[in-house]
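Student: Right, I'll just put the structure down here and ask away after.
The values are calculated or read from the model by the stated rules, or taken from the named source; none is laboratory data. If you're wondering where the values come from, they're calculated on a predicted model, not measured in any experiment. In this analysis, Cβ positions are derived from the backbone assuming ideal geometry, glycine residues included, and neighbour counts consider all displayed protein chains. Surface accessibility is based on the protein's heavy atoms, side chains included, excluding ligands, DNA and RNA. Shrake-Rupley method; radii C 1.70, N 1.55, O 1.52, S 1.80 Å.
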Amino acid sequence: MKKKTIVIILLLQVLFCFPDLYATHNRAGEITYIQKSDLTFEITLTTFTYTPSFADRPVLNVEWGDNTISTAYRDPNKMVALPNFYRKNVYVIDHTYPAPGVYTIVVQDPNRNAGIKNIPNSVNVVFSISTKLYVSPAIGRNSTPVLLNPPYDKAAYGHVFIHNPAAYDPDGDSLSYALTVCTREDGKPIENYTLPPATNSIRVNPVTGDLVWDTPADTGKFNVAMEIQEWRNGKRIGVVVRDMQIEVYNTNNKPPVNSPIKNYCVEVGQPVDFIFSSVDSNNDSLKLHSNSGVFSLTPCPATFTPLTSTKGSASSHFRWVPCYQAVRNQPYSVIFKSDDNNSEIQLSDIDNMNITVLGPSPGLLSAEPQGKLIRLNWEQYGTDIISGFSIYRRDRPSSFIPDSCTSGIPASAGFVKVGYIAGSGVTSFVDSDNGNGLQFGKEYAYRIVAVYPNGTESKTSNEITSSLISGVPVIRNISVITTNSTNGSIYISWKKPDRLDTIPANGPYEYLIYRSPGVSGTNFVLVDTISTTDLNDTTFVDTPVNTVVNGYLYRIELYNTQPRFLIGEPAFASSVFISATPGDRKVNFVIHRNVPWINTNYDFLRYNPGTAVFDSVGSTNLLSYSDTGLENGVQYLYYVRSTGSYPAPDLPKNLINLSQEISITPLDNEAPCPPSINVSSQCDSLFNTITWMFPDPKCADDVAGYKLFYKQKADDNLEELATITEINTFKYKHFTGDVIAGCYAVSAYDYNGNIGPLSVTFCVDSCDFYEIPNVFTPNNDGYNDRLIAKTSGLVEKVDFKLFNRNGLLIFSTSNPRLDWDGTYKGKIVTPGVYFYSCDVSEKRITGTEIFHLSGFIHVITEKGSEVRKEVTK
């Protein structure tokens with residue numbers, strides 16, 4: 001026999017003796033892409049392989065989803081050695097699609113490694129990964145998120161395991177996450193695939209991307225797959241799947257514990273600066289990592305600098321000063337990870353935080369009326385990165401106060417976008433209401449935002465109000481002199497018109513004074529005509545009018561009588577009218593007015609019977625006010641004094657006008673405020689304990705009792721459960737029967753019968769109180785002879801299957817209590833370890849839901865076994 005033949009035979013013997021060494025190197029992988037043109041994409045295949053394996057793949061075939069296949073070559077310059085004998089491999093290839101559509105890219109590589117416990121016969125199952133690619137002109141250009149955190153971490157039996165892919169989307173699209181099924185050849189789901197067994201659960205946080213395995217209930221190798229879903233304008237535009245293997249070890253090593261971190265909202269130029277640290281109870285040395293797209297941003301990358309490293313602890317300094325280029329709608333996710341250096345097994349702890357970067361607020365300087373237009377002026381924004389500015393307007397001032405983490409202007413603030421002006425250096429905009437003309441007599445509020453190239457809006461500017469000013473005449477006063485329902489009077493004055501020779505208007509003249517009920521009325525009637533040759537008659541007292549029931553809007557027109565024509569535009573202004581509602585030991589006011597000047601202050605004056613004068617009791621620049629500390633049942637008399645000015649420098653200032661007088665009597669018509677509520681479940685006794693309290697003790701001053709409401713399902717209506725008349729009772733036990741899930745709310749009522757608003761609705765979903773023993777002794781000793789599950793009674797049914805080590809089904813039932821006697825075909829089973837899979841149907845507030853359990857049961861049949869207690873999972 002030739003020497004070459006002998007070598008081949010020996011090599012084949014080695015491969016057959018050690019099948020795990022052949023084609024079993026795949027441990028994880030994903031497919032991402034960058035769009036280069038309308039139909040051409042650069043595809044990146046990333047695999048993570050086990051380096052001791054003999055198998056290696058310098059090339060991989062790519063199935064494009066359009067009935068074509070190409071060969072991708074590994075880039076040797078991008079191979080990276082990772083901990084735990086992992087290696088990162090990168091294959092890059094371009095592909096042009098024939099037309100728009102939805103394509104699934106699949107890469108498959110025989111085979112998976114042997115011994116994967118949640119994939120039956122795994123050594124004969126193809127390893128495949130896929131990505132869904134959307135080619136659509138409606139979507140626009142798109143690149144997938146890149147996954148920055150490699151999946152090489154190990155897990156420890158009995159300890160929570162967390163993995164986060166650190167997905168970063170360069171386009172700023174929003175991301176969501178979900179578990180999915182691992183796939184085989186042609187990207188098809190693996191038959192009989194199950195999730196790894198967990199003591200509590202295995203899940204993916206759909207927002208943060210944390211894959212949480214709480215906690216591994218078995219040792220060995222397990223594979224999971226998670227989807228990273230990409231969204232734009234509310235539509236899903238792509239899906240990347242990461243398939244990864246997790247090895248669970250029974251170890252005395254404990255994972256490190258990271259210091260707490262928090263989310264940030266910062267403006268451009270504001271630093272995010274803190275020390276990240278981790279400690280290790282085994283006194284192992286630690287290595288800290290941070291993964292995020294913020295480390296590769298140009299021109300303002302973040303830094304993560306090591307500070308200290310001693311046995312059992314380490315710290316690093318994270319610092320990022322975001323620049324204008326970093327502004328986007330979606331927050332940046334930053335992953336922080338610590339790896340210990342334990343001789344037995346390396347374990348990790350991982351946390352993530354979000355950083356939202358906001359564009360600074362523009363500084364709005366003025367809103368100047370110019371004829372039938374209003375010109376806005378603002379400060380230089382300070383960067384050429386932005387595309388331009390959006391202008392927003394609403395009728396009358398708003399009470400909108402943006403929080404520190406809000407960009408743009410929410411629709412609830414009542415503003416409407418009325419214009420956009422391109423350019424980063426522009427500082428003004430003329431609002432003409434899109435050519436339709438603004439209205440005289442209306443007060444407008446303006447805000448602007450800077451718009452970035454990706455469409456993100458900056459924080460809103462300050463708010464400035466303005467109104468059109470008719471040049472002839474200019475009203476200064478609409479002030480109530482006398483409050484009376486039949487003989488009231490209002491004083492009206494205006495600025496003498498000037499520069500009439502530019503029209504020309506040589507006179508003689510007439511002032512026409514019109515009045516309409518209500519501060520925004522349109523039913524104008526002529527109340528007086530003032531003829532004048534010198535325009536010096538600039539005052540008028542309107543009487544008799546009913547100044548009790550409403551305010552009035554006035555329109556003043558100036559005419560040249562020979563020839564007759566209207567000079568300029570009519571002037572509009574209203575009186576100040578206040579409405580009041582009684583409250584418990586207080587009066588609530590709302591101010592109504594419609595004036596072309598800007599009122600900056602409102603003084604509230606209350607009549608003092610002791611001195612027979614009105615005293616100032618408070619002031620505000622808002623349109624609402626409450627006078628508190630009053631006595632119920634006592635009548636009070638008020639009026640308001642407004643102070644304002646026209647914004648233009650050559651127009652009247654310090655304009656003082658008075659409202660009507662109003663009488664109001666405080667009374668207890670206010671219900672107590674809503675309590676805060678909490679609900680806890682006693683699963684074994686099937687009752688819920690509802691507790692409540694008032695966040696502010698003043699809310700409980702006149703409480704006479706409480707009403708408790710309940711609904712069993714989320715889509716049911718709340719119904720009254722109980723009335724509690726003991727004012728010092730803040731607890732109620734609700735025995736629910738066999739369904740402990742439900743929702744509760746509570747309200748308080750006072751001695752005058754005022755029923756307060758409901759608290760927030762607090763729902764308890766499920767106790768998850770279903771336990772399957774993991775030790776069972778069917779030895780006829782009268783103790784633990786039947787396998788009985790513990791359940792709270794919420795479980796409607798189960799789909800329980802028990803298998804021996806060869807995968808043979810030996811017992812199945814839908815009985816929630818299981819009640820197995822340990823026999824198969826009439827005989828007690830062989831002692832050993834048996835595997836179960838169980839789908840549990842449980843009653844929840846959303847109806848019946850199913851959760852999955854899996855694990856092992858140790859069957860012991862020897863007489864006199866020392867196992868005297870059930871050992872639960």
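Student: What label, among [x] 28.7; [y] 29.7; [z] 34.4, belongs to Kirkwood radius over Cα pairs in Å computed from the structure on display?
Tutor: Read-out taken from this structure: [z].
Student: What's the carbon and sulfur percent of region 61-130's accessible surface, probe 1.4 angstrom, rounded to a whole number? All intermediate terms of the calculation are to be shown ahead of the outcome.
Tutor: Working: 1750 of 3270 Å².
The C+S portion of the solvent-accessible surface of region 61-130 is 54 percent.
Student: Of the chain, which part is the longest with no chymotrypsin sites (Phe, Trp or Tyr not before Pro) in a loop (DSSP not H, G, I, E, B) and with at most 12 other C-beta atoms within 10 angstrom?
Tutor: In the chain, the maximal stretch lacking such sites is 1-750.
Student: Check cross-link reach from Lys221 to the lysines: straight Cα distance under 17 Å, and skip same-chain residues fewer than eight apart.
Tutor: Cα-Cα hits under 17 Å: Lys117, Lys154.
Student: So, in nm, how far is label Asp715 from label Thr529 when the simple model puts each one 7 Å beyond its Cα toward the Cβ?
Tutor: If labels sit at Asp715 and Thr529, their model points lie 6.9 nm apart.
Student: Would you please name the trypsin sites (Lys or Arg not before Pro) within region 250-318 that are DSSP coil residues with at most 16 other C-beta atoms within 10 Å of their C-beta?
Tutor: Lys262, Lys311
Student: Could you work out what % of the accessible surface of region 156-296 is carbon and sulfur, using a 1.4 angstrom probe and leaving DNA, RNA and ligands out of the count?
Tutor: Roughly 47 percent of what the probe reaches on region 156-296 is carbon or sulfur.
Student: Under 1.5 on a/c is rounded, so check that first for region 50-188, then, if it is not, pick prolate when a/b is larger than b/c and oblate when it is not; a ≥ b ≥ c are the square roots of the alpha carbon gyration tensor eigenvalues.
Tutor: Values: a/c = 1.61, a/b = 1.35, b/c = 1.19.
Prolate, since a/c reaches 1.5 and a/b exceeds b/c.
Student: Can you tell which of Thr456, Pro674, Thr729 lies farthest toward the positive end of the dipole of the chain, using +1 and -1 charges on the Cβ of basic and acidic side chains (Lys, Arg; Asp, Glu)?
Tutor: Thr456
Student: Does region 617-686 come out rounded, prolate or oblate, given a ≥ b ≥ c as the square roots of the eigenvalues of its C-alpha gyration tensor, rounded meaning a/c under 1.5 and, failing that, prolate meaning a/b above b/c?
Tutor: Taking the square roots of the gyration eigenvalues as a ≥ b ≥ c, region 617-686 is oblate.
Student: Quick one: which of 641-649, 448-456, 184-192 comes out on top by average Cβ neighbours within 10 Å, and what's the full order, highest first?
Tutor: So the peptides 641-649, 448-456, 184-192, ranked by packing, come out 448-456, 641-649, 184-192.
Student: Once a ≥ b ≥ c are taken as the square roots of the eigenvalues of the Cα gyration tensor of region 170-265, is the result rounded (a/c under 1.5), prolate (a/b larger than b/c) or oblate (a/b not larger than b/c)? Don't skip to the answer; put the middle values down first.
Tutor: Numbers: a/c = 2.65, a/b = 1.18, b/c = 2.25.
Judged from the Cα gyration tensor, region 170-265 comes out oblate (a/c at least 1.5, b/c at or above a/b).
Student: Please give the length that would be gained between Lys731 and Lys496 if that part of the chain were fully extended, namely 0.36 nm times their separation in residues minus their C-alpha to C-alpha distance (nm, one decimal).
Tutor: Value of the extension gain: 77.5 nm.
Student: Where only protein heavy atoms count, and the probe is 1.4 Å, what is the accessible area per residue for the chain in Å²?
Tutor: Roughly 46 Å² per residue, with all protein chains present.
Student: I'd like the orientation of helix 3-17 relative to the chain: the angle between its Cα long axis and the longest Cα principal axis, in ° from 0 to 90, rounded to 10.
Tutor: Between helix and principal axis, roughly 60 degrees.
Student: Here is a follow-up. Using DSSP to define loop residues, name the trypsin sites (Lys or Arg not before Pro) in region 63-150 whose beta-carbon has at most 14 other beta-carbon atoms within 10 Å.
Tutor: Answer by residue number: Arg141.
Student: What does the extension gain come out to for Ser398 and Ala612, with contour length at 0.36 nm per residue minus their alpha carbon separation? Intermediate results must be reported in sequence, preceding the final value.
Tutor: Numbers: separation 214, 0.36 × 214 = 77.04 nm, distance 3.65 nm.
That works out to 73.4 nm of additional length.
Student: Can you pull out the GluC sites (Glu not before Pro) in region 612-693 whose DSSP state is coil and whose Cβ has at most 10 other Cβ atoms within 10 Å?
Tutor: Counting only loop positions with at most 10 other Cβ atoms within 10 Å, the GluC sites (Glu not before Pro) in region 612-693 are Glu631.
Student: Still on this structure, I have one more. Calculated from DSSP H runs of 4 or more alone, at -39500 (n - 2.57) each and per residue, what is the 222 nm mean residue ellipticity of the chain, nearest 500?
Tutor: Computed ellipticity for the chain at 222 nm equals -500 deg cm²/dmol.
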